[in-house]
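Each remark here refers to the structure printed beneath this line.
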Amino acid sequence: MKTIKSYFAIDSQYKEMVSKYTNVDGIATIIYFTLLMGAYYFMGVIYDTKNLYLGNQINIVLSVICIIYVLFRGQKLSSIGFSKKNLGKSLIMGLVAGGIVLTIQLLPGIIGGRQFNPVSKLMSSFIYYLIIIGLTEEIIFRGFIQTRIYGIVKKPIIAILLTAFLFMIMHIPFQMGAAHMGFFEYISNNFVTLIFTFGWHLVFNFMYSKYNSIVGPTVFHAIMNWSNYLFL
């Protein structure tokens, strides 16, 4: 019979993998995150000045950079969560967690008689949140940054909290460029949202590290975001 502790156990291969990362990986992670912050600020400026949203392109390019780095370093794609091992378990966990969030969002809307968005819009938005938001952000933050930050931060608690902080502030540069908001101005106006974002990293990272798979957190991440746009 499984104990409560076993449900929160981290995959042994995940532990072994992150313990092998070096200063090179850790420093590369910091450089990469700096690039990411600059890219998102640039995206905000372009959106403000040209009314052109480049989120799709930039997220895809940033995730491809992670994959290129992994291949260049001779590391396996499984080191950013692309592995057949535990894929089914990870998928089920993501679907169950997503189903709970979806139910919480659906019930009030249905009871209140709200109208669903058109099926075509629901399908296109789900694909967007699955690929452009869920998959790319999981590659970037849970698959790449969180694992390789262990190259310079060896204590798990500190490494996880640091990456949660990075995931939280990642959402700021776009608004700085698009809405002409200062760093601290954005924080003061969106403090609660940022705290929730910090917490979501802890959830996504647990889902990732439990099975050393990107599938579960990607599915859950996508459903969670998509569930906010079910109704007109």
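Quick look at the values:
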| read-out | value |
| --- | --- |
| Per-peptide average of other Cβ atoms within 10 Å, ordering 106-119, 123-136 highest first | 123-136, 106-119 |
| PHE231 long-range amide H proximity, modeled H, under 5 Å | ASN117 |
| Cβ crowding within 10 Å averaged over residues, with 157-167, 62-72 ranked highest first | 157-167, 62-72 |
| Under 11 Å, Cβ to Cβ, from ILE145 - net charge with Lys/Arg +1 and Asp/Glu -1 | -1 |
| Charge sum, other residues only, whose C-beta stays under 10 Å from GLY26's C-beta, Lys/Arg counted +1 and Asp/Glu -1 | +1 |
| Segments 168-179, 7-18 sorted - mean Cβ within 10 Å per residue, highest first | 168-179, 7-18 |
| Span from the the stretch 139-212 Cα centroid across to the the stretch 60-135 one, whole angstrom | 17 Å |
| Local electrostatic count, SER78, Cβ distance below 9 Å [Lys/Arg +1, Asp/Glu -1] | +3 |
| Residue-averaged [θ]222 nm for the chain, counting only DSSP H segments that reach four residues, each worth -39500 (n - 2.57) | -21000 deg cm²/dmol |
| Cross-link pairs LYS20/LYS155; LYS15/LYS154; LYS85/LYS155; LYS89/LYS155 - those with Cα-Cα distance over 22 Å | LYS85/LYS155; LYS89/LYS155 |
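Quick note: the coordinates plus some simple rules give every number you see, no bench work behind them. Since we're looking at a predicted model, the values are computed, not measured. Quick reminder, even Gly has a Cβ in these numbers, built from the backbone with ideal geometry, and neighbours come from all protein chains shown.
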